[in-house]
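Bear in mind that the values in this text are calculations on the coordinates, not laboratory data. Quick caveat, the model's predicted, so the values are computed rather than measured. No Cβ is skipped: glycine too gets one built from the backbone with ideal geometry, and neighbour counts run over all protein chains shown.
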Amino acid sequence: MTQKTLEYNDLQITPADVYEQMGYHGAEPDAATRHETAEIISEVRQWLRPQFCYLVVRELPAFDMGKIIVRQLRGSEAYALFVCTSGVEYETYQQRLKQEGDMVRIFIADALGSVIAEKCADQMEQALQENIDKLGWHHTNRFSPGYCGWHVSQQQRLFPFFQGQTCGVMLTDSSLMVPIKSVSGVIGLGKDVRRLDYTCGLCDFKQCYKRRKSSK
C-alpha cells in the first residue's frame, strides 16, 4: 500500500482548470467570478491536504466492469487499485458554504473540488509510474466505477481491498463516496499497455467529465 498526503501547491492547479470545470471552455468568467475564484483558492490553499492511496494486485479482481474497460486493461500484468480525495476538510468547507447560502461561492467550490480530486489522481498516477519505472512497465488510463459501463455499486467490491485504509473516504449505502470530491478505480500495469487519449467514442455516458474536455 502506498499513501501520500499532498498540499495545494503540489496539484499545480491553474485558474483555467477551474474555469473549464465551471463550463467556460477556454473562455474566462466575468471579473466578479474571477475575483471570487481567486479568493476561494487563496483560502483553501492554506489548509487543504488532499490524499491518495493505491495498492498493486497481480490478478484483476472479480469486478463487473463491462467490456469497454476490460478491453482497455487487456495485456496488463498487474493492476493498481486507488482512492484519491480532496479530504474531509474540504467536504466540511463545502457544507459550511451551503449553510451560508452563497450560491456563487458554492458553485465555484464545487468546481474547484472536482479539479482537486482529479489533480490528486494525476499525482497518484505520477507516483505510481515512478514506482513501476524500474520494471520497465507503463500504465493505462484510470477507470472508475460509475463510468464506461462500470456501475457505481461496484465500489462495494473495490473498497474492501484497502482494509479500511482509504484516506478517510467512506461509502454510503448507495455506494457514493464521502467526501464526495473523491476518485477511485483501477489502472492496468505492464510492459505492453499504454495510457491513451480518452476515446469517448467507445462510451455512451454523456455526462462524463472526460467527454466534456474532449468536446471543447
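Net charge around Ser184, counting only other residues with Cβ within less than 14 Å of its Cβ (Lys, Arg = +1; Asp, Glu = -1)?
+1
Using Cα pairs under 8 angstrom and six or more residues apart, how large is the relative contact order of region 62-187, in percent?
It comes to 46 percent, rounded to a whole number.
With the cut-off at 1.5 for a/c, could you classify region 1-157 from its C-alpha gyration tensor as rounded, prolate or oblate?
prolate
If you build a Gaussian network model of the chain, linking Cα atoms that sit under 10 Å apart, which residue out of Ile40, Ile187, Ile108 swings the most?
Among Ile40, Ile187, Ile108, the largest mean-square fluctuation in the Gaussian network model of the chain belongs to Ile40.
Cβ neighbours within 10 Å, averaged per peptide: list 142-154, 45-57, 125-137, 80-92 in order, most packed at the top.
80-92, 142-154, 45-57, 125-137
Rounded to the nearest 0.05, what FRET efficiency is calculated for Arg157 and Ala31 with R0 set to 41 Å and r the Cβ-Cβ distance?
That gives a FRET efficiency of 0.30.
Where in the chain are the helices, taken as whole DSSP H runs, whose Cα atoms extend 30 angstrom or more along the long axis and whose Kyte-Doolittle mean reaches at least -1.0?
For the chain, where a helix must reach 30 Å along its axis and average at least -1.0, the hits are 103-132.
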